[in-house]
Amino acid sequence: MRLRLQATVEMGKSLGIYNVHYEIVGNPLVSIIIPNKDHIDDLDRAIESIQEKSSYRNFEMIIVENNSTDESAFDYYKEIENKYPNVKVVYWKDEFNYSAINNFGFEFSKGDYILLLNNDTEMIEPNSLKSMLGYCQLDEVGAVGAKLLYPDDTIQHAGVIMGLGGIANHAFVNLNRENGGYFNMAFTASEVSAVTAACMMIKRSVFEEVGKLDTDFKVAFNDIDLCMKIRKKNYSIIFDPHALFYHFESKSRGLEDTPEKIERFNGEIERFETKWKDILKNGDPYYNPNFSLRYPGGYYLKSPDEFYANRKEQGGDH
């Protein structure tokens, strides 16, 4: 009552964990933008999981077709548009650029809230959109990310830790979905530095305010860069564990396995390091500096050699 926020609070997974569910103000339209090339089985699973399960119903889906070569994909687009009035397919004709493709899809959207979603996802929790929207409506929040699982029910994404593995990486990777991790953070809604655009909700006004996705990041780090821009405008980024999806991990894009892809990837690393050198130097403000940045998923204490190496770098005792 002190903050005058309309919400319900319930006990979480264990003592000390509370789940807050914010009431939706009005009935705002959520525009779900899904890039797609071929892989219609994956796309259909993503679409149908939301159409069939979602408890929040005021949404539209904008499928951004980008250079499919399988003719059956175009037959599917006609079928899905006929089946669901809230589905629209738009056509991107240029080379693959994840940022530009999503920005293009945004131009056809009408919602006050945008959900960037990969085609290789599947909604698990019916209240996912409702929960993300509840957080995203808060004045101080710019974007909200979901909890994503691999098909074997281990964690693929539970927020992003800056500096982990070099640039950034996901928290609690490969932890079982029933394991809350350090201080049960994998079960707890919390402020983080970044979340993945595989499933990210953002206010339309904020997306426009920060200049949308940076098209110089064609494949990698575009979502992390977007979150850095949002935080620079003093908005919060929230990890929402109550929004739950499977993510089949860039199944349709493939690996960085050619000289051209490797060169592009290295260029995006260099660009990110230059653009956001301060946060990489100073460390993630939501990650304890006593934890290591070497191990997948984070939240491992630094080894003695790592601890003393850091002390030496900072001019401390040797």
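The values are calculated or read from the model by the stated rules, or taken from the named source; none is laboratory data. Every value quoted in this text rests on a predicted model; they were computed, and no experiment measured them. Note that we place each Cβ from the backbone using ideal geometry, even for glycine, and neighbour counts take in every protein chain shown. We work out accessible area using only protein heavy atoms, side chains counted, and drop any ligands, DNA or RNA first. Shrake-Rupley method; radii C 1.70, N 1.55, O 1.52, S 1.80 Å.
For the range 85-97, putting each phi into the Karplus relation 6.51 cos²θ - 1.76 cosθ + 1.60 with θ = phi - 60° gives couplings of x, 8, 10, 10, 9, 10, 10, 9, 9, 8, 5, 5, 8 Hz, in residue order, rounded to whole numbers and with x for Gly and Pro.
Computed from the C-beta positions of Tyr182 and Lys93, the FRET efficiency with R₀ = 45 Å rounds to 0.45.
Solvent exposure of the range 70-139, expressed per residue, is 45 Å² of accessible area, with all protein chains present and a 1.4 angstrom probe. Note on Phe108 and Asp75: their simple-model spin labels are 2.1 nm apart, each label 7 Å out from Cα toward Cβ. Normalised per residue, the accessible area of the range 192-246 is 28 Å², obtained with a 1.4 Å probe and no contribution from ligands, DNA or RNA.
Remark on the chain: ratio of C-alpha radius of gyration to 2.2 N^0.38 Å is 1.00.
Computed from point charges on the beta carbon alone (+1 for Lys and Arg, -1 for Asp and Glu), the dipole magnitude for the chain about its Cα centre is near 1140 Debye.
Distant-in-sequence amide contacts of Leu164, defined by a placed amide H-H separation under 5 Å and a gap of 5 or more residues or a different chain, comprise Asn169. For the chain, the carbon plus sulfur part of the accessible surface works out to 50%, probe radius 1.4 Å. Per-residue ellipticity at 222 nm computed for the chain from its helices equals -9000 deg cm²/dmol, with DSSP H segments shorter than 4 residues left out and the rest contributing -39,500 (n - 2.57).
Stretching Glu191 away from Arg294 to a fully extended chain increases their span by 34.9 nm, per 0.36 nm per residue minus the current alpha-carbon distance.
Close amide H partners of Ser68, meaning residues 5 or more places away or on another chain with modelled amide H under 5 Å apart, are Asp38. Can you tell me the FRET efficiency between Asp278 and Ser303 if r is taken as the Cβ-Cβ distance and R0 is 35 Å, rounded to the nearest 0.05? For Asp278 and Ser303, the calculated efficiency is 0.85. Only beta bridges with both residues in the chain are counted; by DSSP, about 50 percent of them are antiparallel.
In plain terms, the C-alpha convex hull of the range 1-107 casts an average shadow of 9.9 nm² when viewed from every direction.
In the structure shown, the pairs Lys53/Lys147; Lys203/Lys229; Lys88/Lys212; Lys88/Lys229; Lys37/Lys130 are assessed against 24 Å; a Cα-Cα span above that value is assigned to Lys88/Lys229; Lys37/Lys130. If you model the range 28-174 as an ellipsoid using its alpha carbon gyration tensor, with each semi-axis the square root of five times an eigenvalue, the axes come out at 25, 19, 16 Å, biggest first. In a reduced charge model with +1 at each Lys and Arg Cβ and -1 at each Asp and Glu Cβ, the range 123-216 shows a dipole moment near 140 debye about its Cα centre. Comparing Pro259, Pro85, Pro35 in a Gaussian network model of the chain where C-alpha atoms under 10 Å apart are linked, the largest mean-square fluctuation is found at Pro259.
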